[in-house]
Amino acid sequence: QKEVEQNSGPLSVPEGAIASLNCTYSDRGSQSFFWYRQYSGKSPELIMFIYSNGDKEDGRFTAQLNKASQYVSLLIRDSQPSDSATYLCAVIVVGYQKVTFGIGTKLQVIP
Amino acid sequence: DTAVSQTPKYLVTQMGNDKSIKCEQNLGHDTMYWYKQDSKKFLKIMFSYNNKELIINETVPNRFSPKSPDKAHLNLHINSLELGDSAVYFCASSQGRGDEQFFGPGTRLTVL
């Protein structure tokens, strides 16, 4: 079982729709959860981080964490073509402090 | 002002050569990382240093040797390059080991 799993996509959504990106992780000691966006040919950049169960909102982005189900998601409201990128889920385990990335989900927002 | 910089941006070399990639951060962060992103875009951690001390060393061939002369710099030296080493190598830094990471622009290494 992979430590951090994401569907590689592509996930296609029409402009203005909600894009829902999902990530599951295997280690129950996981403590910190990050979503990075990576445009083609560029480096990853942080979108959101979440540490506690529940929702965290920042503008059009909402991160959701459910530690019991070992599940973290990212919702993008009012999706724009400029949101088209690969979204990487990253997880840090307590104590070890190693960050593990998922394979990333490629999002395509269709105008 | 570039927060995390890497040189060179592109590196094309022959099998068997030795090469180095340099990384510098001006964010005052304590922790620095090297990642490899292969052709399938999977981002895998290779090494992590905290205040010049190696804290993570993943299963990486010993042809790869990181060096941290001070906490603002983390260089990567690769001996006897192989075809499979072709990838994009990213340097990153964070304030602490559990904090968000800031990535450099990447170094695209091509081994012929």
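The single condition among (1) within 14 Å of another protein chain (Cβ to nearest Cβ); (2) polar (S, T, N, Q); (3) part of a loop (DSSP other than H, G, I, E, B); (4) out of contact with any Ser or Thr (no Cβ under 7 Å at 6 or more places or on another chain) that A:SER32 does not satisfy is (3).
Figure legend. Inter-residue proximity from region A:16-37: first residues over 18 Å from A:TYR51 (Cα atoms), second residues open to solvent by 60 Å² or more (accessible area, probe 1.4 Å), beta-carbon distance below 7 Å, spacing 6+ or different chains. Indicated pairs: A:GLY16/A:ASP78; A:ILE18/A:ARG77; A:ARG37/A:GLU45.
Restricting to region A:21-34, name every residue that is out of contact with any Asp or Glu (no Cβ under 9 Å at 6 or more places or on another chain), open to solvent by less than 50 Å² (accessible area, probe 1.4 Å) and more than 24 Å from B:PHE103 (Cα to Cα). Listed by number, the list holds a single entry, A:GLY29.
Taking the criterion of being among the hydrophobic types (A, V, I, L, M, F, W, C), surrounded by fewer than 17 Cβ atoms within 10 Å (Cβ to Cβ) and within 19 Å of B:GLY98 (Cα to Cα), the only residue of region B:4-31 that qualifies is B:LEU27. Given the condition away from every other protein chain (no Cβ under 14 Å) and assigned to a strand (DSSP E or B), answer yes or no: does some residue in region B:45-65 qualify? Yes: one or more hits. Condition (residue is over 12 Å from the mean Cα position of the chain (by Cα) and within 14 Å of another protein chain (Cβ to nearest Cβ)) applied to region B:66-87: is it met by at least one residue? Within region B:66-87, none of the residues are over 12 Å from the mean Cα position of the chain (by Cα) and within 14 Å of another protein chain (Cβ to nearest Cβ).
Residue count for region A:35-58 under the criterion of being open to solvent by 70 Å² or more (accessible area, probe 1.4 Å), in a strand (DSSP E or B) and over 15 Å from A:TYR71 (Cβ atoms): the result is 3. The residue that is nearest to B:ASP70 (Cα to Cα), counting only those in region B:5-47 that are among the small types (Gly, Ala, Ser) and modelled with pLDDT of 90 or more, is B:GLY28. Could you please find all residues in region A:6-20 being over 16 Å from A:PRO81 (Cα atoms) and either β-branched (Val, Ile, Thr) or buried (at least 16 other Cβ atoms within 10 Å of the Cβ) (or both)? The answer is A:GLN6, and nothing else.
The values are calculated or read from the model by the stated rules, or taken from the named source; none is laboratory data. A quick note: this is a predicted structure, and the numbers were derived from the prediction, not measured. Cβ sites come from the backbone with ideal geometry, for glycine too, and all protein chains shown count toward neighbours. Note: areas computed on protein heavy atoms with side chains; ligands, DNA, RNA excluded. Shrake-Rupley method; radii C 1.70, N 1.55, O 1.52, S 1.80 Å.
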